[in-house]
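Scroll down for the structure; my scribbles are underneath it.
Derivation of every value follows stated rules applied to the coordinates shown; laboratory data play no part. As the structure is a prediction and not an experimental result, all values here were calculated from the model. Cβ sites come from the backbone with ideal geometry, for glycine too, and all protein chains shown count toward neighbours.
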Amino acid sequence: MRTYVISVILQGKQNKNFKDDEFFQLARSLSALNIKSKSVIRLTKSHPAFFLSKGHLNNIRNYIADNDIGLVLIDNPLSPVQQRNLEKKLIAKVLDRTGLVLEIFGSRAQSKEGMLQVELAHLLHQKSRLVRSWTHLERQRGGERISWWSWRNSN
């Protein structure tokens, strides 16, 4: 998959040498990735909704559209909301460091127990990102919200 790797340096943090960056080496270790480009972005502060500034976001979106990029790796922890907003804005899959490490472990797990442990870790990581994905099955009755399953079983 065509990949764009981004290392973000927030103001006040120590400068990184991107060629020797651990995150870039992690991304290269996953053989399924075809890294097309990498960049270092300096931010004075992170944007609450997107983590990246709007100017950087527009530049990245244009680059992704021009180069048919399917995956963006960001070397910073992203909140579930930031990840979802970035995926919608960039029209590409977005992974932070934790997501990349889980993908690497998943690709290298060989025993059934190892595969199950990686799957459990992946599901626990995704749990907070699935909030409100099934709200279309909820109904409201008597001032309380009930799930579709409990409503179906009570009738």
Problem set entry | Computed magnitude of the charge dipole of segment 2-97 (debye, nearest 20; Cβ of K, R +1, Cβ of D, E -1) | 200 debye
For this session: Note down the net charge around GLN83, summing +1 for each Lys or Arg and -1 for each Asp or Glu among other residues with Cβ under 9 Å from its Cβ.
Result: 0
Exercise. Just from the alpha-carbon atoms, what are the Rg and Dmax of segment 2-97 in angstroms?
Worked result: 12.5, 34
For this session: Mind jotting down the distance between the C-alpha centroids of segment 35-53 and segment 88-134, whole Å?
Result: 22 Å
